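Scroll down for the structure; my scribbles are underneath it.
Please treat every number below as a calculation from the coordinates, not as lab data. From a predicted model like this one, the values you see are computed outputs, not experimental measurements. Glycine also receives a Cβ, built like all others from the backbone with ideal geometry; neighbour counts cover every protein chain displayed.
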């Protein structure tokens, strides 16, 4: 059986349970095998609240899991903030956000061969490239990283009904054990074992593209091409291999051109347009950015490659921005508006959220004989984080002259879009530190004096998690 070699003994497996026939069969099958392989099963039901029957479906799933002694987690989500993406896409984002909150080795979902065929056709009809046309693999590791989630999606999950789990530190794999089974085989299995399931009334609505293919196109296709499922699955595999080769090429191009979180503009200018687009697409994917449409990618490459050196290039698409600064390409989430009067007091916390830059400011205790900010001197007055207001200056070294903040930021190559959003550390009305840039000389710790380092890093969904600058 295909499932067994993919799921090692003693694995913890979370089953995505909608209550439909596919997920009910998956739960029944894994439960039958769980004693033999010592699997630890649990299930997750996402309550979207779209259907008037949503409460009844959640109750059905709870009763089903209770009969099998399987722990069920029910996540209540609000789809309204994501409706602009379309109901199907919004529901998918919320499900993935809910899966990412759980602690397990594997997330098992009930996609099957008919789903695979539908997905491939939908992707082709949308004009997807080889990555999109690769459709769905049976097993993929780290398919649900928290950094890949929409902030709106994760905030739409109800916290009042969310169970508490330990922080997940290892990667999680998403597995589709039924991907090689047809819908007919799943229905036959359900009938043979006298299983019961719920029917989502929206599955009959062929105004949804997937339902249109399922009910009207694929049955007709099957009359002429009865093996279309296997054929389309084979095509998806060919696309996946081609996508892998393009990724290998992009990795070679990226080896000397992607440094940290930026990409060299010169590399895009030196490559042929198709190869440059492949590298740019790879770079955006590495930053967990949304993949731009073909027209957007063409325009992006043109602006990044051909704008004059001093041009303030900013290409916005969706919730993302691509910028160019000093010959490097940056990809970041659109920062949006912020409170220009923001002031946060510091009372010794290890970190503080800084919404102006969607970042966390971190305070690290330093050992003696290590440079940093003097904790003793910080006791002179209240310590706060503030925004730049204009005219700030500090003396970065004892025997140096006082420097304006404007000059310091330019010298340290701080990107222009960050300069007015940086967290500045004050003691009373005195500027103590610009994280990643400088510490005022009069506040620097001396030998045998306890100190702290202050730094900031972008949130996990806007950065790879690396610090934005050196500790100061």
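Observations on the structure shown:
- Relative to one another, the C-alpha centroids of segment 11-54 and segment 255-276 are positioned 44 Å apart.
- Whether segment 199-246 is rounded, prolate or oblate, judged on the alpha carbon gyration tensor where a/c under 1.5 counts as rounded: oblate
- Projected-area average for segment 257-333 over all orientations - Cα convex hull basis, square nanometres: 4.4 nm²
- Helix 87-100 axis versus longest C-alpha principal axis of the chain: approximately 70°, rounded to the nearest ten.
- Segment 201-359 shape via C-alpha gyration tensor axes, a/c threshold 1.5: oblate
- In plain terms, the residue of 285, 413, 48, 112 with the fewest other Cβ atoms within 10 Å comes first and the most crowded comes last, giving 413, 285, 48, 112.
- With 5 Å bins from 0: P(r) over segment 272-409, alpha-carbon pairs, percent: 2, 7, 12, 14, 15, 13, 11, 11, 8, 5, 2, 0
- Rg/Rh (Cα only; Kirkwood hydrodynamic radius) as it applies to segment 322-391: 1.05
- Segment 34-123 - Rg over Rh from alpha carbon coordinates, Kirkwood radius: 1.00
- Straightening the chain between residue 55 and residue 379 buys 111.1 nm, computed as 0.36 nm per residue apart minus the Cα-Cα spacing.
- Kirkwood hydrodynamic radius of segment 1-57, Cα pairs, Å: 12.5 Å
- Cα-based Rg of segment 290-350 normalised by 2.2 N^0.38 Å, two decimals: 1.55
- FRET E, pair residue 210, residue 309, Förster distance 56 Å, beta-carbon r, rounded to 0.05: 0.75
- The stretch between residue 412 and residue 351, if pulled fully straight at 0.36 nm per residue, gains 19.6 nm over its current Cα-Cα span.
- Fewest-first ranking of 74, 15, using other Cβ atoms within 10 Å as the exposure measure: 74, 15
- Placing dummy labels 7 Å off each Cα toward the beta-carbon, the span from residue 130 to residue 88 is 2.6 nm.
- Shape category assigned to segment 343-458 from the gyration tensor of Cα positions, a/c cut at 1.5: oblate
- Using a Förster distance of 22 Å, the FRET efficiency for residue 256-residue 302 (Cβ separation, nearest 0.05): 0.45
- Treating r as the C-beta distance of residue 400 and residue 71 and R0 as 45 Å, the FRET efficiency rounds to 0.15.
- Out of every Cα-Cα pair that segment 388-432 contains, those further apart than 16 angstrom amount to 38 percent.
- The chain gives an Rg/Rh value of 1.04, both radii derived from C-alpha positions and Rh following Kirkwood.
- With the convex hull drawn over the C-alpha atoms of segment 236-285, the volume per residue is 71 Å³.
- When both bridge partners sit in the chain, DSSP labels roughly 75% of those beta bridges antiparallel.
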